[in-house]
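Coordinate-derived values only; no laboratory data. Everything quoted here is computed from the prediction, not taken from an experiment. Every residue, glycine among them, receives a Cβ derived from its backbone with ideal geometry; neighbour counts consider all protein chains shown.
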Amino acid sequence: MGTPLGNAVLAGAATGLRSTAALAALINAGGRGLPAPLAKPVARRAAAVGVVTELVLDKMPFTTSRLDPPGLAGRLVFAAAAGAVIARAAAKPALPAVAAACLASLVAAKAGHDARVAAAERFPALAVALVEDAVALGIAAAASRS
């Protein structure tokens, strides 16, 4: 979307699909808005491990729904952090970006859940999950470009 608010919406949407995707993409891009500890190489490695772990755990039968309160709470925390980083990089107030990212995260979590359930009725569940992974990572990458 190109604007800080637009990027915050993208980051929130990616977070709604995969909670760690947007913040990890921002860390990997080494954006200006990152707090100093998140700009270090060890943070990039930790972010990559977090994303890979989430992508694997998402496919496990014991994984709870993203719509359960803990899943939504985690998404809101990660979306808020991503929105704040995006706003900070653009020297803009954080609140609008944080609010936009959080709202987009909630909408995407519900839409992604419903789309995945519907698609899994017609296609193999693993294939549907992998497509959702690709969409989430692509949106996160777009959000991290400034």
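So which residues in region 12-40 are under 13 Å from the mean Cα position of the chain (by Cα), of a type outside the set (Gly, Ala, Ser) and not in a helix (DSSP H, G or I), if there are any at all? Within region 12-40, Arg18, Thr20 meet the criteria. Inside region 73-104, can you point out the residues that are over 17 Å from Ala29 (Cα atoms), in contact (Cβ under 8 Å) with a residue 60 or more places away in the chain and buried (at least 20 other Cβ atoms within 10 Å of the Cβ)? Of everything in region 73-104, those that are over 17 Å from Ala29 (Cα atoms), in contact (Cβ under 8 Å) with a residue 60 or more places away in the chain and buried (at least 20 other Cβ atoms within 10 Å of the Cβ) turn out to be Arg75, Ala97, Val98, Ala100, Ala101, Cys102, Ala104.
Matching residues to (1) closer than 19 Å to Gly112 by Cβ; (2) among the hydrophobic types (A, V, I, L, M, F, W, C); (3) buried (at least 22 other Cβ atoms within 10 Å of the Cβ); (4) touching a residue at least 12 places away in the same chain (Cβ under 8 Å):
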residue: Gly2; (1), (2), (3), (4): no, no, no, no
residue: Leu5; (1), (2), (3), (4): no, yes, no, yes
residue: Ala43; (1), (2), (3), (4): no, yes, no, yes
residue: Val56; (1), (2), (3), (4): yes, yes, no, no
